[in-house]
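Working notes for the structure below.
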Amino acid sequence: MSDRELSKTYEPGVVEDAWYGEWEQKRYFHAPSDAGGRAYSIVIPPPNVTGSLHMGHALNATLQDILVRWRRMSGDSALWLPGTDHAGIATQNVVERQLAAEKVDRHALGRETFIGKVWEWKKEYGGRIIGQLKKLGASCDWERERFTMDEGLSQAVREVFVRLYEEGLIYRGERLINWCPRCHTALSDIEVEHEDEKGKLYHIAYPLSDDGNIRLTVATTRPETMLGDTAVAVHPLDPRYKDLIGRTVALPLTSRRIPIVGDAVLVDLEFGTGAVKVTPAHDFNDYEAGLRQTPNLPRVRILDDKADILPDIPDVPAGVLKMLAGKPAKKARGIVVQLLQEQGFLVTTEDHGHAVGKCYRCKSVVEPYLSPQWFVSMQPLAAPAIEAVEKGRITFVPKGWENTYFDWLRNIKDWCISRQIWWGHRIPAWYCDDCGAITVSREDVGSCSSCKSAKVRQETDVLDTWFSSALWPFSTLGWPAKTRELASYYPTAVLVTGFDIIFFWVARMIMMGLHFMKEAPFRHVYIHALVRDAEGQKMSKSKGNVIDPLTMIEQYGADAFRLTLTAMAAQGRDIKLAPERIEGYRNFANKLWNASRFVFMNLDDEFTPNAGLLTGDSSLADRWILSRLQAAVTETHNAIADYRFNDAASSLYHFIWHEYCDWYLELSKPSLNQEKGSPARKAAQTALVTTLEATLRLLHPIMPFITEEIWQKIPQGVRGAGKGTAAASIMIAAYPQADESLRNAGAEQDMQMVMDVISAIRNIRGEMNIPPSSQIAAIIKVEDGELGRHLEKNAGYVRTLARLAELRIGQKEAKPQGAAAGVIKGAEVYVPLEGVLDLGQERDRLGRELERIEKDIALFAKKLGNRDFVERAPRAVVEKDTAKLEELKAKREKLEQNLKMLG
RNA sequence: GGGCGGAUAGCUCAGCUGGGAGAGCGCAGCCCUUACAAGGCUGAUGUCACAGGUUCGAUCCCUGUUCCGCCCACCA
C-alpha cells in the first residue's frame, strides 16, 4: 500500500484537528515582530468573552482567514491579531446571573470580590470562543492574543483617557442620559434600541382657573411623569392657546403651579391637544425645552436609579406620595391614571403606537435620567474621521456604507462613556473630599492634586466597553510604547466586520486611530453580510437566538462550512443559511478528494514530473487544462483582491468540478491507459498532478484542511512547482501566479470542438434512451479537411468519452439510413441506430432542436436587421453576432435536411 | 419623518462597468462505466415585481408604484 493512497471518502473530523495542531505547533500562524516591509495585518473584531461562535463570527472569521492565508502564501508577513473583548455589561450580567442562581447578590460580595469572580469566570469560560475559532481553521497569531482588560491594553486605555481629559475632550457633567434600571447604569445613545409598542395617549386636564372650571388639556403617553412637570408648552402661534402663554396652571395631584410657555420646537399643532406637559428630568425633548424656557426652574426628578418613584418629590402631598413612593414607574402609571380619573382630571384615553427605548443588553425599558456622567466631546474627533473617508484614505466595501457612516458622524452627539457597573476599566479620576477637585492621572493617586489632601476617592464608574475597543488596532500592537509591531503592522490592511457595529466600533476606531496615531487604522473596511435567523431577525448574543456553527462543522466539516459561507458572501446582501446548501459543498470536498485519489492511483511509484510542463508529448487535453488553470488562477486572485469572495468560490468550484473533474480526468484516461513510461502517459501524469497541486494551493485559503491533507501526498518534486521551494506545508507554500506561457487560446478552441462533438453524441444517447453499456458507432461529417484532421487526431477522446465502438470522420461521410443526427459548428454527427431507433422520437427531438434554433435565429436576425444596431453598436459585438447568426443558419439547414430524411 | 437594501427557475440565491438569462438543491429519463451513487450523462422549467422613460438594444441606467426587510430620528 502506497503512502499516497487515500481512503474512499473524505473524513474531515480526523484530518482537521490533526492539521490544526501541526500548524500551530510549527508556528505557521506567527508573524514576525519586524515585517521587513512586507506587512499585511488584520485585527479581529474581538468577540465578547461571554460569546460563543455564531454564524456572524464564523462568516467574519472565514473571510479574514481567507485574506490572511492568501497574503501569507503570497509572501507577506501576514499578521492576524486575535483577542477578546471584556464586554462590560454583558459579562457582568452573565456572572450576576450565575451568582443569583446561588442566591448571591454582587453587593453582598463587594466590588473587589465580585471582580475576582468575574476573572475566575473569564478564566474558566472565556476561552471557549477561541477554541471554536480554531475549529474553524482560523490562522490567528495566538501568541499575540490580547484581551481588552489585560495589562497592556488597560495602560493604553488610561493613557487615552488622561490625554483626552487634558485636551479638554473628556469632561464630566450632569446631563440627561439613558438609564437602564436593570443593568443599573447609564448607556450611550446607540446602546438604546427603539421598538414600536402599542401604548395609550392620555388626555389630562390641568386646571387654569382657581375654581378649576377652565382647564388646559395635555396629551401624554407617560402620565406617571406628570409629577415632575415644570411647565406646559403650547405652540406660540396656536390661536387656541397663544394668549395663555405666561399664565400658570395647577398641576393635578400636587400643590404645584407651573407656567404655560410657548415653544415652537416642542409642540406640534397637529398632534394630541396641542398642549404638551414639560418634564425636563425624564424626557430628552423636555430637557432641551426646559433649558430654553425655564432655565432657572429646578428640574423636578421623580425617579431614582431603579426607576422607582422617589419618596420626596417637591409639592406632592404626602397622601399621594404614600401611594406611589418606591413603586416602579410602570406600576406608578396605573396608580396615577386611577387617581386622575377619580379626581376628574382624566379627559380621555386613546390607543397610540410609539417607539420605546430599550437596553441593548437586557431589553429593559430605558429611562431618561438626570445624573452626573463622563462624556467625550465628539465633534473635534469626528471631523477628521469624516475627512479620512471623504478623501479616500479609507474606503468602505461596498461603498454604500460610507453614507451611513457620514450621516452618523455629521450628527454625532457627545459620547457618554461612564458606566455604573464594576466590570471594566475603572475611570482614572479621583475626587477630593476636602476641596472637591478632580484629579485625573495615569498612575493611581494618594492625594489631591489641588489641595494635597489625602482624602481622595477614585471614581467608582467604569468606562464603556467600546472605549477600549476603539483603541484595538494600536493598543494590541503595544501602544503607547513604540514597538516594532506597531511600526510594522499599523495601519492594518483591512477591517472585516458587519454593518451593525459601524457606529459602535468602526467609526470610533477611525476617530481614535487618527487622533492618537495620526493615521487611519485601516485602509479598507469590508462590510460583510449579516447572518439573520429564520425570522429575519438579527442574531445577537443577548437575544439568545444564535445557531451554533460547530454543529455544522461537525456534520459537514469545517472546509465545507467555510466554502458555503464564502460562496454566499456576495456583497451587500444578507445571508439566510440552509443546511442543504452546506451539504452541496460537502459533496464538493468529497469530489476533490476522489479526484485526488484518481490522480494518485495513476501515478507510477517512480513517478517524477517532466521538467517542463509542456513537452512535445503533451496532448490537447493537457494543454487545455493547463490553460484553463491559468484562467482560474487569475480569476481567483482578482476576486479575493476585490473582496468578491463568492466569485472566488464559484470560480474554483466550477474549475475543479466541471473542468478538471468532469472533463480533464476523463480526457486523460486514453493517455493514462498507455503503457508505463510512455511519453504520452508521462505528459498526462504531469499535467494531472501539476494542475491538482496548483489548484490545492489556489483553494487553500478557503478550504485549508482538505487541501493540506491532499497536498501532503503529492510527490515532493511537484509541490510548489515553478517556485523551486518545497515547503513543509501548503500553508506556507507559494500562492499560484498565472503563467501566461501556459495560456493557450488555440488549445481551448480546439478542445471546445472536441467537447462539442462528445456532447452531441451524448445528447443523442440521452434523448434516445440508449444505455451507456450498449456499444454504438458515430459518423462525423465535417465541413473542411482541416477540421477532419483535427478531429481524427483527437478521436481517442471522442471514442472514450462518448463510449463508441466505432468512429468515422470525413468530409464525404453521409447520413446512414436510420441514424440520429446532431449538428454542431462545422460538422454533423450521426449515430446509426438500426433496429433501435424510434423514428417518431427522433423526429420530435430534431423538431425541438430546430424550434430552439429558429427562436435564436429570429432574435439575431431582428437585431442585425436593425440598421441602428449595426451602425452604433461596437464592431466586435456586431461581428460576433453576425458570425453566430451564420452558424445558426447553417445548423438550421442541416437539421431541416435531417428532418426531411426522416420523412 | 428621513435614508438604505431587496423583489430573477418549485426552493435558496449568483448575475462586475447595459449586447444571446446562471448555480446549487429539487424534478424527469438513462446509468453502480474500476476516482467519486456525497456520483455520471441527458433533459424540462423563468412576461428577470408592476408601469413609464432613456437607448439601436434594458434583468442591468432614470422616474414612479406595490410588496418585503433594515438603519436612523426628540413628535408628546
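Could you sort A:Lys894, A:Lys863 by their accessible area in this structure, using a 1.4 Å probe and putting the largest first?
These residues rank, largest area first, as A:Lys863, A:Lys894.
Please list the three semi-axes, largest first and in whole Å, of the ellipsoid equivalent to the stretch A:216-262, using sqrt of 5 times the eigenvalues of its alpha carbon gyration tensor.
The answer is 19, 12, 8 Å, longest axis first.
In Å³ and rounded to a whole number, note down the convex hull volume per residue for the Cα atoms of the stretch A:187-267.
Details: hull volume 10.7 nm³, N = 81.
Each residue corresponds to 132 Å³ of Cα convex hull volume.
For A:Gly199, enumerate residues with amide H under 5 Å from its amide H, sequence gap 5+ or separate chain, H modeled in the peptide plane.
Here the answer is A:His352, A:Gly353, A:His354, since their amide H atoms fall under 5 Å of that of A:Gly199.
Apply the Karplus parameterisation 6.51 cos²θ - 1.76 cosθ + 1.60, with θ equal to phi minus 60°, to every residue of the stretch A:475-483 and state each ³J(HN,Hα) to the nearest whole Hz, in sequence, with x for glycine and proline.
Result, ordered by residue: 5, 6, 9, x, 3, x, 5, 8, 8 Hz.
Apply the Karplus parameterisation 6.51 cos²θ - 1.76 cosθ + 1.60, with θ equal to phi minus 60°, to every residue of the stretch A:351-359 and state each ³J(HN,Hα) to the nearest whole Hz, in sequence, with x for glycine and proline.
Rounded to whole hertz, the list is 5, 7, x, 8, 8, 10, x, 10, 5.
Taking Cα centroids, how far is the stretch A:304-334 from the stretch A:203-233 in Å?
That distance is 18 Å.
Quick one: the Cα spread of the stretch A:559-667 along its three principal axes, in angstroms, biggest first?
Answer, in whole Å and largest first: 50, 27, 20 Å.
Carbon and sulfur atoms: what percent of the 1.4 Å accessible area of chain A do they account for?
Taking all protein chains in place, chain A shows 48 percent carbon and sulfur surface.
I'm checking a number: the convex hull volume of the Cα atoms of the stretch A:782-842, normalised per residue, in Å³. What is it?
Value for the stretch A:782-842: 91 Å³ per residue.
What is the mean projected area of the alpha carbon convex hull for the stretch A:344-489, to one decimal in square nanometres?
If you wrap the Cα atoms of the stretch A:344-489 in a convex hull and average its projections, you get 16.4 nm².
What percentage of all Cα-Cα pairs in the stretch A:117-171 are separated by more than 15 Å?
That tail contains 65 percent of the Cα-Cα pairs.
Along the Cα-to-Cβ line of A:Val347, 7 Å from the Cα, sits a label point; which residues in the stretch A:259-279 have backbone N less than 11 Å from it?
Only A:272-276 pass the distance filter.
May I ask you to list the lysines whose Cα is less than 25 Å away from that of A:Lys518, ignoring any residue fewer than eight positions away on the same chain?
A:Lys391, A:Lys399, A:Lys413, A:Lys482
Have a look at A:Val118, A:Leu133, A:Met149 and report the one farthest towards the positive end of the charge dipole of the stretch A:116-157, computed about the Cα centre with Cβ charges (Lys/Arg +1, Asp/Glu -1).
Most positive-ward Cα: A:Leu133.
Using a probe radius of 1.4 Å on heavy atoms only, what accessible surface per residue do you get for chain A? Whole Å² is fine.
Counting only protein heavy atoms, the per-residue value for chain A is 43 Å².
Averaging the inverse of every distinct alpha carbon separation and then flipping it gives the Kirkwood radius. What is it for the stretch A:714-791, in angstrom units?
Numbers: mean 1/r = 0.0591 Å⁻¹.
It is 16.9 Å.
Grab every C-alpha pair in the stretch A:1-121, bin the distances at 5 angstrom width from 0 up to the longest one, and report whole percents.
With a bin width of 5 Å, the distribution comes to 2, 8, 12, 13, 13, 12, 11, 10, 8, 5, 3, 1, 1, 0.
Using only protein heavy atoms and a 1.4 Å probe, report how much of A:Trp142 is accessible, in Å² to the nearest 10.
Solvent-accessible area, nearest 10 Å²: 30 Å².
Exactly which GluC sites (Glu not before Pro) in the stretch A:191-264 are in a DSSP loop and have at most 16 other Cβ atoms within 10 Å?
Numbers: sites: A:Glu191, A:Glu193, A:Glu195, A:Glu197, A:Glu224; in loops: none.
Counting only loop positions with at most 16 other Cβ atoms within 10 Å, none of the GluC sites (Glu not before Pro) in the stretch A:191-264 qualifies.
What list of whole percents do you get for P(r) of the stretch A:373-429, with Cα-Cα distances grouped in 5 Å bins up to the one holding the largest distance?
All Cα pairs considered, the percentages come to 4, 16, 21, 16, 13, 13, 11, 5, 0.
So if I place +1 on the C-beta of Lys and Arg and -1 on the C-beta of Asp and Glu, and nothing else carries charge, what would the dipole magnitude of chain A be about its Cα centre? I want it in debye, nearest 20.
Here chain A has a charge dipole of around 200 debye.
Using Cα centres only, tell me the gap between the stretch A:115-187 and the stretch A:461-525 in whole Å.
Here the answer is 13 Å between Cα centres.
How large are Rg and Dmax for the stretch A:338-416 when calculated on the C-alpha trace, in angstrom?
21.2, 65
Work out how much length A:Ala578 to A:Glu22 would gain on full extension: take 0.36 nm times their residue separation and subtract the Cα-Cα distance, in nm to one decimal.
Difference between extended and current length: 196.9 nm.
Among the listed pairs A:Lys103/A:Lys455; A:Lys103/A:Lys306; A:Lys198/A:Lys277, which have their C-alpha atoms separated by more than 26 angstrom in this model?
Values: A:Lys103/A:Lys455 36 Å; A:Lys103/A:Lys306 20 Å; A:Lys198/A:Lys277 21 Å.
With Cα atoms farther than 26 Å apart: A:Lys103/A:Lys455.
Grab the Cα-Cα distance for A:Tyr171 and A:Thr395, subtract it from 0.36 nm times how many residues apart they are, and report the gain in nm with one decimal.
Extra length available between A:Tyr171 and A:Thr395 comes to 77.4 nm.
For the stretch A:54-148, what does the convex hull of the Cα positions come to per residue, in cubic angstrom?
With only Cα atoms used, the stretch A:54-148 gives 106 Å³ per residue.
Could you give the angle, 0 to 90 degrees to the nearest 10, between helix A:329-342's Cα long axis and the longest principal axis of the Cα atoms of chain A?
Between helix and principal axis, roughly 50 degrees.
Work out, step by step, the length gained on full extension between A:Ala108 and A:Ile857: first 0.36 nm times the residue separation, then minus their alpha carbon distance; give nm to one decimal.
On the way: separation 749, 0.36 × 749 = 269.64 nm, distance 8.56 nm.
Length difference between fully extended and current span is 261.1 nm.
Can you work out the Karplus-derived ³J(HN,Hα) for every residue in the stretch A:661-672? Use 6.51 cos²θ - 1.76 cosθ + 1.60 with θ = phi - 60°, whole Hz, and x for glycine or proline.
Whole-Hz 3J(HN,Hα) from phi for the stretch A:661-672: 6, 5, 9, 5, 4, 5, 5, 6, 4, x, 5, 5.
So which GluC sites (Glu not before Pro) in the stretch A:627-734 end up in coil per DSSP with only 14 or fewer other C-beta atoms within 10 Å?
Those that pass, being in a loop and sparsely packed, are A:Glu675.
Based on Cα positions only, what radius of gyration and what Dmax would you give for the stretch A:413-541, in angstroms?
Rg and Dmax of the stretch A:413-541, Cα atoms, are 19.1, 62 Å.
Counting pairs of Cα atoms in the stretch A:426-481, how many percent are more than 17 Å apart?
Counting pairs separated by more than 17 Å, the tail of P(r) holds 48 percent.
Of A:Ile335, A:Ile177, which has the most accessible area and how do the rest follow, probe 1.4 Å?
On the way: A:Ile335 40, A:Ile177 5 Å².
Ranking A:Ile335, A:Ile177 by accessible area, largest first, yields A:Ile335, A:Ile177.
Given bins 10 angstrom wide, list per bin the percent of all Cα-Cα distances in the stretch A:290-372, short to long.
Computed distribution, short to long bins: 14, 36, 40, 10, 0.
Suppose accessible area is computed on protein heavy atoms with a 1.4 Å probe; arrange A:Asp868, A:Asp305 from highest to lowest.
Details: A:Asp868 85, A:Asp305 50 Å².
Accessible-area ranking of A:Asp868, A:Asp305, largest first: A:Asp868, A:Asp305.
Could you pull the Rg and Dmax for chain A, using just the Cα atoms, both in Å?
Rg then Dmax for chain A, in Å: 37.2, 118.
Would you list, by chain and number, the lysines whose Cα falls below 26 Å from the Cα of A:Lys781, excluding same-chain residues fewer than 8 positions away?
Here the lysines satisfying the reach criterion relative to A:Lys781 are A:Lys669, A:Lys793, A:Lys812, A:Lys815, A:Lys825, A:Lys855, A:Lys880, A:Lys884, A:Lys889, A:Lys891, A:Lys894, A:Lys900.
Run the quick spin-label model on A:Lys884 and A:Lys200: label points 7 Å from Cα toward the beta carbon, then report their separation in nm to one decimal.
About 6.9 nm, to one decimal.
Would you calculate, for chain A, the mean residue ellipticity at 222 nm contributed by helices, counting each DSSP H stretch of 4 or more residues as -39,500 (n - 2.57) and dividing by all residues, to the nearest 500?
Value at 222 nm, helices only, nearest 500: -13000 deg cm²/dmol.
Let me cross-check A:Glu167: its accessible surface, 1.4 Å probe, with only protein heavy atoms counted, in Å² to the nearest 10?
Rounded to the nearest 10, the figure is 90 Å².
What net charge do the residues around A:Trp401 carry, taking every other residue with its C-beta under 12 Å from that of A:Trp401, with Lys and Arg at +1 and Asp and Glu at -1? Intermediate values should be presented prior to the final figure.
Numbers: positive: A:Lys399; negative: A:Glu402, A:Asp407, A:Asp500.
Here the count lands on -2.
The values are calculated or read from the model by the stated rules, or taken from the named source; none is laboratory data. Quick caveat, the model's predicted, so the values are computed rather than measured. No Cβ is skipped: glycine too gets one built from the backbone with ideal geometry, and neighbour counts run over all protein chains shown. These accessible areas exclude ligands, DNA and RNA; they are computed on the full protein's heavy atoms, side chains included. Shrake-Rupley method; radii C 1.70, N 1.55, O 1.52, S 1.80 Å.
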